[in-house]
1. Just give me the residues in the range 65-87 being in contact (Cβ under 8 Å) with a residue 12 or more places away in the chain, under 20 Å from PHE116 (Cβ atoms) and of a type in the set (Lys, Arg), in sequence order.
2. Checking the conditions here, which among PHE116, PHE98, PHE107 is touching a helix residue (DSSP H, G or I) at 6+ places or on another chain (Cβ under 8 Å) and assigned to a loop (DSSP other than H, G, I, E, B)?
3. Could we say that GLU37 is surrounded by 10 or more Cβ atoms within 10 Å (Cβ to Cβ) and among the acidic types (Asp, Glu) here?
4. Return a yes/no flag: does the range 19-30 have any residue that is touching a Ser or Thr at 6+ places or on another chain (Cβ under 6 Å) and open to solvent by less than 100 Å² (accessible area, probe 1.4 Å).
5. Among the residues of the range 37-86, which ones are part of a helix (DSSP H, G or I) and over 26 Å from the mean Cα position of the chain (by Cα)?
Amino acid sequence: MSFVVLNDQIISLSAFANKLSNIQKQVEEYAALIMEELDPDHLGYIMTWMYLAVPDILYLYERLTRVFRSSINAVTILKAVVYLGNVLALHMSRPHGFRYKSGQYMFVNCVTVSLFEW
């Protein structure tokens, strides 16, 4: 009796291992298809830099422009008032040549808190 149960367990384990082996083969085939699509020249690496270069350059340009403008057009806070409902009103000096247009916004950076938070 125990031999039959043990034999059934071995057979079921063998079938399970066979299924895992088949699944592993399918996964390897799918991975090969994906790599073939992403790396058609078989260079050994995926050329994601092409997709990331333009957004990275735009981000770097925006950050450098912001740093450059903040160092030239620095303002001083003349008055700060906290109103009901945690509303903060900042009165600042206007930089030379500043023209306000409706709908504009600005970034406020508190250097004592963080250099990189706006």
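The values are calculated or read from the model by the stated rules, or taken from the named source; none is laboratory data. Just so you know, these numbers come straight off a predicted model, no measurement behind them. Positions of Cβ are generated from backbone atoms using ideal geometry, with glycine treated the same way; all protein chains shown enter the neighbour counts. Quick note on the areas: whole protein, heavy atoms, side chains included, nothing else; ligands and nucleic acids left out. Shrake-Rupley method; radii C 1.70, N 1.55, O 1.52, S 1.80 Å.
1. ARG66
2. PHE107
3. Values: surrounded by 10 or more Cβ atoms within 10 Å (Cβ to Cβ): no; among the acidic types (Asp, Glu): yes.
Against the criterion (surrounded by 10 or more Cβ atoms within 10 Å (Cβ to Cβ) and among the acidic types (Asp, Glu)), GLU37 does not qualify.
4. no
5. Correct list: SER71, ILE72.
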